[in-house]
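The structure under discussion appears below in the form of structure tokens.
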Amino acid sequence: MSGKAFLVDTTKCSGCRACQVSCKQWNNLPGEKTTFFGGPEYTNPAELSAITFNHVKFFPVDRSNPEKPVWTIMHKKCYHCEEANCMRVCPQHAISRVEGWVVIDQSLCIGCGACVNECVYNVPHILDEDVKRYGAEGIIKKDKSYKCHACMENPREVPLCARHCPTGALTYGERAALVKRGLARVKEISAEYPHANLYGLEEFGGLRTLTVLKDRPEKYGLPVGEKAKAIDLAKAEAIRDTYAFLSIFTFGLPSLKRVAYRISKSMVG
Amino acid sequence: MPLSRRDFLKLSGMTAAGAFVGGASFLTGCKSADKLRGTRESTTICPYCGVGCGLIVSARDGKIINTEGDPDHPINRGALCAKGSALFQVGVNERRLDKVQYRKPYGTEWEEISWDDAIKRIARRVKDARDATFQEKEGAVTVNRTPGIASLGGAALDNEECYILSKFMRTLGVTYLEHQARI
Amino acid sequence: MTNHWIDIKNSDVIFIIGSNAAENHPASFRWILDAMQNRGAKLIVVDPRFTKSASMASLYAPLRPGTDLAFLGGIMNYALQKDLIQKEYVVEYTNAAYLVNPAFKFNDGLFSGYDAGKRSYGDRATWTYQVDDKKVPRQDKSLKDPQCVYQLMKKHYSRYTPEMVERVTGCPKETFLKVAEIYTSTHKPNRVATIMYAMGITQHTVGTQNVRALAMLQLLMGNMGVAGGGINALRGESNVQGSTDHALLFHILPGYLPAPDVKSHPTFEAYNNTAPKTEDPMSINWWSHRPKYLVSQLKAFYGDAATKENNFCYDWLPKKSKGVPFIVLFEDMLKGVMKGAFFMGTNPIVGGPNANRNALAMEKLDWLVAADLWETDSSIFWKRPGANPTQIKTEVFLLPAAASMEKEGSVSNSGRWAQWRYKAVNPPGVAKTDLDIMDLLFRELRELYKKEGGKFPDPILKANWNYIEHGEHEASPHLVAKEINGYTWADKKQVKNFVDLKDDGSTACGNWLYSGSYPGKNLMARRGTKDASNKIGMFPEWSWCWPLNRRIIYNRAAVNRKGEPWDDTRWVVKWTGSKWKGDIVDGGPTAGPEAKNPFIMNNEGVGRLFGAGKVLTDGPFTEHYEPMESPTTNLFNSQKVNPASAILNEVAGQFGNAGQYPYIATSYRVVEHWQAGAMTRNLPWLNELVPDMFCEISTSLAAAKGIKNGDRVRIYNARGNIRAYALVTERMQPLMVNGKPVEMIGMIWHFGPGCAATGDACNQLTPSIGDANTMIPEFKAFLADIRKEA
């Protein structure tokens, strides 16, 4: 895999959430309405959403060694899989690869939820109401799928999420160089964290958001092995075909489209 | 202060317009993919904590289009925290005051008044309070002070404003002078 | 900060106590991680909670809020008993060798001279040195004399054993010892620690002594004046450094000149006579220049009216007859002393202690002028929940102000860098800069006095006040900055720096500390990215820093008496035999290292391990006292709270005890919000992250009270009761204090009744008591109870 990538280093993240806010600023995304923390510790909102493309997850503190409690804080955005489920199952071919990044063209998106259903990382989301973009003209449209586009739609040398990171926990660069750096970091911390690893080398044919983890990926809800393999191409095509048939009965209603997609998937299943 | 455009701000190697053959994309409504096209850049310092991170503000037609960390700044080197990253919303925010608000005694609502009116009325209140409470002497010592007026705040003002506030209040004879450093 | 942000990268040990820098100063972690990665530096974090900073630490040590002096005294004892101090530095550059007045005594938590009736040390005559016939302090450089500071100190701190540290602070002995070991490893000349602290250190009844303990430790280790060292107060507001430098406080004039006081400074002559004096030829005693700074300031204030004959209008400055720190100011407001008040970008109804009381005080005002970007919780105090506007007389003017990027001017960061900001856009609607607002108001007032006369109109009529450039109609920050820098009165030429200032009225200078910032060109606007020859990250051509663009203060202590750096790999200054290289040296460029002492602002010229004279109100050494509200007795002495902390009669009935309110409460901030919240609770992106008031409690307290994560709870004490969401977390742990587990309630204090995101204000619960020296309120340790909200 050539081209650019992000490297997330959970050993350096202090949880300042500059990434989460910077993304909203650059992309004019509105803030979410929340009442209390949506996830563990300060996590808010609970997950990525159609208007939150960068997310910081605070895991509960691990006190198994009372001398050295471990608090893991992890940046999350689209992993931009090399073999991306969302791309494979999108009936409209609205999801494509631009400079290696997986991006959605909302003008083609029909809000069927195929990508939402197939992404094991829970990355793309369908917007359920029109939202006015903050401080700029226009709106983000209801019933379209949204997620991180690696700022391919307004490209700069380094996307703002990575450039604003004060600790170097989120960096951007050539993937090959970041893999090298990530592996070196894993080696550096392996005395302190024996299960440390660089996540994203193999999963879904290789990810463009690589993550230095202190412990096994499962601990952070990240799939490995069989669970991190892309949907079979033939199966994806069968789902698409079934959906193409069923969608006739959805009367263009996004909620029914999503139901139809789920039925298609279980029929092929 | 116009700055020369920095490398980091340049469009990356690919052409933005070529990214989407389908045309309408996420940025529908923003005619060009180059968000910062035609903006004027100026530097500023973050108004939040005492680190003093540098930012670049890009404005077009008198409106702030973007705020971001200043990569030339030796302290933050382009980085910011969540607050600094949100500076844009201090500038572009429907809750900002754009008129002088006045609440009369026992009033239940704000009323709008003009600057001229406000300054005239405040000057009158200040003069009356000063004249009514001014103390020239305490025993044999000249004290020239105005206990009838207090001034609080200023940690978010510029140095020049702090100095002028300090000078202004002392000129009035104010000794009830405090700000955030004590709390 | 004696040093500055980038300089943290030069440290071997980063000691964070009373600060959560990862949360409140996130950019600092770039430099902390730089030191950890590139130098193998160790990060120690001491905090009651396992914070974001703690999560990044090499070593985390818990401690009970309000017990810093027990912890720090313990480290001093460890260092002194094991002789882990930088001897040469301590002997030469501190008062360790000075002999103390034999009448000085310490007994059961009280130093000699205490007046119990007045709750103060009325007589500090014994807190002095023995002097020779030339009035120079006597010394024993062998440090053996039992009356020398070093020996007295060793004895004083011998009670601060690791066992006592554990019993009082709750920090396990082994953890404490690890902290002491790592920190004291920097007593070697080639190892340096920096100390980063914030309000967790200062907001206590012993706040000043907490800071002193940190400074004393750094002196013992030889860490002051050197790269990677220093004592670094992390400032929480973008210009709280500058606003303090320009004296928006009752007790000082711009540049830390004392504010005239009826008793101490009844006349101009008396004022100047209080300028520190010394007979010691080794002492530079910079404050001896004070009369020049005062006269130049008076000239800047009163211009032509200030003449030698009228003592430069000294008597035009108001004289106070008592201290009016924030708490006292609001008590006086409650009594109706003031008719009106200005709130220039401040929100005391959220930020002040005992906030319910502050709101009642504001109702006593006839008028209030608030300038801000938005409605703040304070400017709408008349319609706060529970208030009846039709019963509140206060007339309120809320003036729309410009934001930081809508005006031009400078702000001073923690590292004393004054950095210039530019105007990007106009402020919204009719909003104006605070400078313009004050200028308009002053000129209107001058017109009124001109027309009508009034009480002592001279200062208003004759003040030196011309801030509008020819052809403009708004006040210019450049004209103000030039006045702050100073100029010659006769021909209006900018002075180069404060060395040019005179006490004869020939120079005007608003603030001597900033003299040199605008000597012709605006040096605060500089953007040079070249480092200095010593390559320690000083960036001397970036902006300008006070004093004289000196990036590390007390830098004469960075070399030995021969002028050789303690560590040549990160030298700050060097003496070549005839001149200094590197940073702008303290105390003038001609005096060599052997001729003058490094701590030029003390009249001894050396660092004070023993706080001699009348500088401190509560003792020349530090001593542990309990917070005003504490769950335990004081194990070190029979004094409960700092015996010199003022307890106001008006609020004496508002303190609670552990029988009524069993849990320690403390307050702090989060990265997503800022101070009293007006600048962040109006921003949707930040409200998404932290939308409402919340508290943090341990799983054990939660279980005991039947509280689950996300429940609404009520927190209450003698001063108020507030609602909050409960965050139940493993980061909060009960501490064993004197054999008993103590639970804690942690609260953010950003919320209030106004702005887009509302929530109850933590400060409704905080007490009206403060530090014995500064009266900064004891926000960080008080008592409360908690229950699940039905």
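The values are calculated or read from the model by the stated rules, or taken from the named source; none is laboratory data. Bear in mind that the values here come from a model prediction, so they are computed numbers and not experimental data. Glycine gets a Cβ as well: all are built from the backbone with ideal geometry, and neighbour counts include every protein chain shown. Calculation scope for accessible area: heavy atoms of the full protein, side chains included, ligands and nucleic acids excluded. Shrake-Rupley method; radii C 1.70, N 1.55, O 1.52, S 1.80 Å.
Only protein chains counted, 1.4 angstrom probe. Which residues of the stretch A:152-173 are at least 20 Å² less accessible in the assembly than when their chain is isolated? Those residues are A:M152, A:E153, A:N154, A:P155, A:R156, A:E157, A:R163, A:H164, A:P166, A:T167.
With a point put 7 Å past each Cα toward its Cβ, work out how far C:T633 is from C:V430 in nm, to one decimal. Result for the modelled spin labels: 6.6 nm. Extents of the stretch A:4-60, taken as max minus min of Cα coordinates on every principal axis and listed largest first, are 30, 30, 16 Å.
As a calculated quantity, the FRET efficiency between B:K120 and C:T274 at R0 = 30 Å, using C-beta atoms, amounts to about 0.10.
Taking the DSSP beta bridges with both ends in the stretch C:649-788, the antiparallel portion is around 70 percent. Under the simplified labelling scheme, the A:E174-C:K135 pair shows an inter-label distance of 7.2 nm, with each label point 7 Å from Cα along Cα→Cβ. Loop sites by DSSP among the trypsin sites (Lys or Arg not before Pro) of chain A, restricted to those with at most 16 other Cβ atoms within 10 angstrom, leave A:143-228 as the longest stretch without any of them.
Quick one: plug the Kirkwood hydrodynamic radius of the stretch B:38-96 (C-alpha pairs) into Stokes-Einstein at 37 °C, 0.692 mPa s, and report D in µm²/s. My calculation gives 282 µm²/s for D. Each Lys and Arg Cβ is given +1 and each Asp and Glu Cβ -1; about its Cα centre, the stretch C:649-788 then shows a dipole of about 340 debye. Computed over the Cα atoms of the stretch C:6-236, the ratio of the radius of gyration to the Kirkwood radius (Rg/Rh) comes to 0.99. Accessible surface for C:T390 stands near 70 Å², nearest 10, in the context of the full protein assembly shown (1.4 Å probe).
For the Cα trace of the stretch C:660-776, dividing Rg by the Kirkwood Rh returns an Rg/Rh value of 0.99.
Please compute one quarter of the surface area of the Cα convex hull for the stretch C:326-452 and express it in square nanometres. Numbers along the way, then the final one.
Details: hull surface 41.9 nm².
Mean projected area for the stretch C:326-452: 10.5 nm², to one decimal.
For the stretch B:134-179, the fraction of C-alpha pairs farther apart than 17 angstrom is 37 percent. First measure r as the distance between the Cβ atoms of C:E469 and A:K219, then evaluate 1/(1 + (r/R0)^6) with R0 = 45 Å and state the FRET efficiency to the nearest 0.05. Efficiency, rounded to the nearest 0.05: 0.10. Reported to the nearest whole Å, the Cα centre-to-centre distance from the stretch C:177-211 to the stretch C:300-373 is 35.
The convex hull defined by the C-alpha atoms of chain A has an orientation-averaged projected area of 14.9 nm². Charged neighbours of C:R30, selected by a Cβ distance under 13 Å, balance to +2 (K, R count +1; D, E count -1). For the stretch C:461-561, the Kirkwood estimate of the hydrodynamic radius, built from every pair of different alpha carbons, is 15.3 Å.
Computed per residue of chain C from DSSP H runs no shorter than four, each worth -39500 (n - 2.57), the mean residue ellipticity at 222 nm is -6500 deg cm²/dmol.
Please give the FRET efficiency for C:D458 paired with C:K579, using the beta carbon to beta carbon distance and R0 = 51 Å, rounded to the nearest 0.05. Walk me through the numbers before you get to the answer.
Numbers: r = 48 Å, r/R0 = 0.94.
Efficiency, from the Cβ-Cβ distance: 0.60.
Estimated from helices alone, the mean residue ellipticity of chain A at 222 nm is -7500 deg cm²/dmol (sum of -39500 (n - 2.57) over DSSP H runs with n ≥ 4, per residue). In a DSSP loop and with at most 11 other Cβ atoms within 10 Å, the GluC sites (Glu not before Pro) in the stretch A:108-152 are A:E129, A:E137. Computed on the Cα atoms alone, the convex hull of chain C gives a volume of 167 cubic angstrom per residue. For the protein assembly as shown, the convex hull spanned by the alpha carbon atoms encloses 172 Å³ per residue.
Could you give the distance between the Cα centres of the stretch A:1-57 and the stretch B:42-99, to the whole Å? Using only Cα atoms, the two centres lie 19 Å from each other. Database remark: amide H of C:S120 closer than 5 angstrom to the amide H of C:D115 (H placed geometrically; neighbours at sequence offset of 5 or more, or on other chains; Pro and chain starts carry no H).
Between A:K142 and C:D568, the simple spin-label model (points 7 angstrom out along Cα→Cβ) gives 7.5 nm.
Debye-formula intensities of the stretch A:186-269, expressed as log10 I(q)/I(0) at q = 0.15, 0.17, 0.25 Å⁻¹, are -0.70, -0.77, -1.08 (one equal scatterer per alpha-carbon, no solvent).
Taking the dipole about the Cα centre of chain C, with the C-beta of Lys and Arg at +1 and of Asp and Glu at -1, give me whichever of C:I745, C:G345, C:M196 is farthest to the positive side. Of C:I745, C:G345, C:M196, it is C:M196.
For the pair the stretch B:126-183 / the stretch C:725-790, the C-alpha centres are spaced 33 Å from each other.
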